[in-house]
Amino acid sequence: MSTPVRLPEEIVHPAPAPAPTVLRTLASIEQEHVLAVLRACHGVQATAARILGIGRNTLWRKLRAYGEASAGDVPGAPRSRPGSGSRRAP
């Protein structure tokens, strides 16, 4: 009489298959990340640029290319009020 063969646990109870990966362009991933960092910085472009490791002008150009030239156009960023700018009196 033969003894039963014990199968390894990973064969008896295999792990569920991982979810399929959605492939996206590098540009779309970059845009999503740039906007997420800007939201996390409450629309402060200088802070976002420093975290991203790029210059403020580069960030501004990216936002303009995304169609969101000002921080007020970024969802989740605070809106500026008229007259609340940071201009100094002459």
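Brief remarks follow.
- Peptides 4-12, 36-44, 24-32 ranked from most to least packed, by the mean per-residue count of other Cβ atoms within 10 Å: 36-44, 24-32, 4-12.
- Normalised alpha carbon radius of gyration of segment 24-71 [divisor 2.2 N^0.38 Å]: 1.01
Bear in mind these aren't lab numbers, they're just calculated from the coordinates by the rules spelled out. Computed from a prediction, not measured in an experiment: that's the story for all the values here. Neighbour counts run over all protein chains shown; Cβ positions are idealised from the backbone, glycine included.
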